[in-house]
1. Among (1) under 17 Å from B:Phe135 (Cβ atoms); (2) within 7 Å of chain A (Cβ to nearest Cβ); (3) in a loop (DSSP other than H, G, I, E, B), which single condition is B:Ser52 missing?
2. Which condition does A:Phe247 not pass, out of (1) in contact (Cβ under 8 Å) with a residue 60 or more places away in the chain; (2) more than 19 Å from A:Leu216 (Cα to Cα), if it passes all the others?
3. Condition first: touching a Lys or Arg at 6+ places or on another chain (Cβ under 6 Å) and acidic (Asp, Glu). Can you find one or more residues in region A:236-244 that meet it?
4. Across region B:191-210, which residue is surrounded by the fewest Cβ atoms within 10 Å (Cβ to Cβ) among those that are among the β-branched types (Val, Ile, Thr) and either in contact with a strand residue (DSSP E or B) (Cβ under 6 Å, 6 or more places away or on another chain) or more than 19 Å from B:Asn165 (Cβ to Cβ) (or both)?
5. Just the residues that are acidic (Asp, Glu) and either away from chain A (no Cβ under 14 Å) or crowded, with 23+ Cβ neighbours inside 10 Å (or both), please, taken from region B:213-251.
6. Within region A:71-108, take every residue that is assigned to a helix (DSSP H, G or I) and within 14 Å of chain B (Cβ to nearest Cβ) and give me the one that is surrounded by the fewest Cβ atoms within 10 Å (Cβ to Cβ).
7. Within the group B:Leu40, B:Leu58, B:Leu31, which residue is of a type outside the set (D, E, K, R) and under 19 Å from B:Gly262 (Cβ atoms)?
There are 2 protein chains.
Amino acid sequence: MKIDMTYGSGGKQTGDLINQVFLKHFNNPILNKLEDSAVLSVSGTIAYTTDSFVVTPLFFKGGNIGKLAVCGTVNDLSMMGAIPKYLTAGFIIEEGADLEMVESIAKTMALTAKEAGVFIVAGDTKVVEGNGGIFINTSGIGEIIKGDISISGCKQGDVIILSGNLGDHHAAILSERMGIENEIASDCAPLHTIAKNLLDDGIEVHCMRDVTRGGLATVLNEAADQSGVSVEIWEDAIPVSREVKGFCDILGLDPLYMANEGKMIAIVKETDANEALEAVKRSPYGANARIIGTIQEGKGVRMKTKLMGSRTIDVLYGEGLPRIC
Amino acid sequence: MKIDMTYGSGGKQTGDLINQVFLKHFNNPILNKLEDSAVLSVSGTIAYTTDSFVVTPLFFKGGNIGKLAVCGTVNDLSMMGAIPKYLTAGFIIEEGADLEMVESIAKTMALTAKEAGVFIVAGDTKVVEGNGGIFINTSGIGEIIKGDISISGCKQGDVIILSGNLGDHHAAILSERMGIENEIASDCAPLHTIAKNLLDDGIEVHCMRDVTRGGLATVLNEAADQSGVSVEIWEDAIPVSREVKGFCDILGLDPLYMANEGKMIAIVKETDANEALEAVKRSPYGANARIIGTIQEGKGVRMKTKLMGSRTIDVLYGEGLPRIC
């Protein structure tokens, strides 16, 4: 069945869509009350964030827009040293979208939320003209367990850990769009366990960031700027799968600027580096983690190349890949 | 200047847009940190909600999409007996949108947030193909000061107060679309003061709801359903401005099904009715408030007509006016 403009009216059809799709899958006592707002008990200091998702195609190897929408917000909360607790979900559906497709996306969101230990407690649905697409906004609340983790917290001597291979999400989306058949799947995943492992092990974590739009290059530049330090990374140490490397070589792409949806960096005290690496590797999503560089005095990001040269790594200029997340 | 896909890349241009437009206007110490999440101290029980806004045209008499996006979420929080505190804002901008237009919307959001006493503490920007439009999602957190207000809390004998004239927002949007020149302006407004007046005065409020998409008819049906009661309203008592009444007569519209963006109902204990009406009227946005009906045993919504007949008022079927908010 196709969704038409009546489903966005706020009347009978909107109610049916909410009941038959969203409440059915997101089902929990808070959401089910259908009040104007969810009512929650939270304690202490919270992390609060939002992200919109506009990826095309909606379904790709390794996930779909719904999985992205839950992971993206769960990860933003986790990176602040918070345990993700509650999400909201706002759907903007284009006329002509398949009801079954929307339900399949909602089902994935429910499964991913379960894995990440969060409840979807409030939602909203709008319908607009278009070609059957869907945009999803999620916001999220988490309870902070370690409060001083910050993009401005990097200190000279710190060690940078990357949780795994770069470029998988970007390469998977681009492959779908170009109709290239390969085995590359998006790395889209919730990173709450990696973050929690680090904190549970008492690692002195100074900064965590998920490596999404703009790629590792952009994230590291933000860290250098905000912390007033320079970053050195080692080309040899940065993990990229053989398939993605081949894909990049053919298309002239640089994994440093490619988007990921299940990768993070943790910038930790030098003496905690090896313990931190072990903590990250305990999660299946961190199995291929590496120490990739250090924080130094100065400014900007530099990479020691395989040939022992050194080059400046700037932020992403231009468009990268549009609608990557 | 026109916004193109590079502004959604997560790189340099996204950063410029955030700095030059959003940080400039939303400017506050929490947002300015630009972490993956905002860090907040909240206490006790909170209300948490989300809403997406897709209204066309983006600018209309009485407001724009940015004013709607702040008021909508502020109102959803206020209706739960909460003091609105923090908002997030997610922008999905269509390619070709004017940077000046986006800035003008952001400016209105900042002004409205100031009026409502809330801070915009986290945001996100995406760019998609299209014709220069914009979608905005807001989520919000409020601190609950009276915890038992609920759409399922209406009790037999309760009195229903409507905060003012019906239909203004709907008629204003429709006038813009049809190119009809008239004086009708959207009623778009934050309702936090009306809600707070009621609670400050110690009124026994059982239910509050803003009267948006689906109109008064749909809201009252939800209250009747969820509370297991019936609703009686009095046609004579329902305020509609002369301009909107004329507009409705010509186009065959029923104000009961028209969307509002600055109107609410409060369902209160019978003996508190007159005090409650005074509390609502103390806010300029409630100056034309009326007692419009009562809660009774039974089910459904009935209206006593001007001719002393009675008719059943059902929820909105069909599309109402698409993209009204």
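The values are calculated or read from the model by the stated rules, or taken from the named source; none is laboratory data. Note that the structure is predicted; figures quoted are calculated from it, not measured. Note: ideal-geometry Cβ built from the backbone for every residue, glycine included; neighbour counts use all protein chains shown.
1. If we test B:Ser52 against (1) under 17 Å from B:Phe135 (Cβ atoms); (2) within 7 Å of chain A (Cβ to nearest Cβ); (3) in a loop (DSSP other than H, G, I, E, B), just (3) comes out false.
2. All conditions pass for A:Phe247, except number (2).
3. Yes; the residues of region A:236-244 include at least one that is touching a Lys or Arg at 6+ places or on another chain (Cβ under 6 Å) and acidic (Asp, Glu).
4. B:Ile203
5. Of all residues in region B:213-251, those acidic (Asp, Glu) come to B:222, B:225, B:232, B:235-236, B:243, B:249.
If the condition is that a residue be acidic (Asp, Glu) and either away from chain A (no Cβ under 14 Å) or crowded, with 23+ Cβ neighbours inside 10 Å (or both), then B:Glu232, B:Glu235, B:Asp236, B:Glu243, B:Asp249 are the ones that fit.
6. A:Gly72
7. So the residue among B:Leu40, B:Leu58, B:Leu31 that is of a type outside the set (D, E, K, R) and under 19 Å from B:Gly262 (Cβ atoms) is B:Leu58.
Conditions tested, residue by residue: (1) over 22 Å from the mean Cα position of the chain (by Cα); (2) modelled with pLDDT of 95 or more; (3) not in a strand (DSSP E or B).
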{"site": "A:Thr271", "(1), (2), (3)": "yes, yes, yes"}
{"site": "A:Asn274", "(1), (2), (3)": "yes, yes, yes"}
{"site": "A:Glu278", "(1), (2), (3)": "no, yes, yes"}
{"site": "A:Asn288", "(1), (2), (3)": "no, yes, yes"}
{"site": "A:Ile292", "(1), (2), (3)": "no, yes, no"}
{"site": "A:Met308", "(1), (2), (3)": "yes, no, yes"}
{"site": "A:Asp314", "(1), (2), (3)": "no, no, yes"}
{"site": "A:Gly320", "(1), (2), (3)": "no, no, yes"}
{"site": "A:Ile324", "(1), (2), (3)": "no, no, yes"}
